[in-house]
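S.K.: Shown below is the structure under consideration.
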Amino acid sequence: MRLLGAILAGGQSRRFGSDKAGAVFEGKKLLDHVADALRPQVEDLVVAGKAWPGFKSVADLPEAGMGPLGGLAGALDHAWRHDFDAVLSCGCDVLDVPRTLAQQLGVGPAIVADMPIVGLWPISVRTGLRDWLGDAANRSVYRFAEHIGARRVALDAALRNVNRPEDLP
């Protein structure tokens, strides 16, 4: 299976106060922590929602400001155009991403039970997501995951989400 890794980084970081992707933890930017965890599991890697030095970037679809699902839609579109089978997604602000994430998620669609932005999304959900985003009320990742019958998977170890500066130890 050809997997595209997608780091979702298009958020406004309002609660954090500055761009979370560039925040430093243990000497490395948050986005780079996620990239280092995903890279061994995927054939290629993109950053969705913003340009980031050293990475391919894809725009949120159908437009910016759609939340994480817009980034996922952009990643799925890129994956479809480049003959990938699925997208392994993760927010740019997630720490402790296992290097066995794809294996733990198994067959998609599947999401991490307590962090749905982290998931495995087959290309077959691409069109359904674009249709879903046509309704402005549909911005919840959990609701979309339920809509397509995604499995909720409990990982071997909990992930940490960085929403505020104090979330960085």
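The values are calculated or read from the model by the stated rules, or taken from the named source; none is laboratory data. A quick note: this is a predicted structure, and the numbers were derived from the prediction, not measured. No Cβ is skipped: glycine too gets one built from the backbone with ideal geometry, and neighbour counts run over all protein chains shown.
S.K.: When only residues in the range 20-30 that are loosely packed, with under 13 Cβ neighbours inside 10 Å and assigned to a strand (DSSP E or B) count, which is modelled with the lowest pLDDT?
M.R.: Pass one, the range 20-30, residues loosely packed, with under 13 Cβ neighbours inside 10 Å: 24, 26-28.
Those still in the list that are assigned to a strand (DSSP E or B) too: 24, 28.
Numbers: 24: 70, 28: 88.
Here the residue is 24.
S.K.: Going through the range 31-55 one residue at a time, which ones are assigned to a loop (DSSP other than H, G, I, E, B), closer than 10 Å to residue 6 by Cβ and at pLDDT 95 or above?
M.R.: Scanning the range 31-55 gives a single hit, 42.
S.K.: How many residues does the range 6-18 contain that are modelled with pLDDT of 65 or more and not hydrophobic (A, V, I, L, M, F, W, C)?
M.R.: Residues flagged as modelled with pLDDT of 65 or more and not hydrophobic (A, V, I, L, M, F, W, C) within the range 6-18 amount to 1.
S.K.: So which of 71, 67, 49 ends up being free of Cβ contacts under 8 Å to residues at least 60 places away in the same chain and not acidic (Asp, Glu)?
M.R.: Result: 49 is the single residue among 71, 67, 49 that is free of Cβ contacts under 8 Å to residues at least 60 places away in the same chain and not acidic (Asp, Glu).
S.K.: Residue check: is residue 136 closer than 26 Å to residue 27 by Cβ, hydrophobic (A, V, I, L, M, F, W, C) and surrounded by fewer than 20 Cβ atoms within 10 Å (Cβ to Cβ)?
M.R.: So residue 136 fails the test.
S.K.: Which numbered condition in (1) among the small types (Gly, Ala, Ser); (2) touching a Lys or Arg at 6+ places or on another chain (Cβ under 8 Å); (3) without any contact (Cβ under 8 Å) to a residue 12 or more places away in the chain is the only one that residue 113 fails?
M.R.: If we test residue 113 against (1) among the small types (Gly, Ala, Ser); (2) touching a Lys or Arg at 6+ places or on another chain (Cβ under 8 Å); (3) without any contact (Cβ under 8 Å) to a residue 12 or more places away in the chain, just (3) comes out false.
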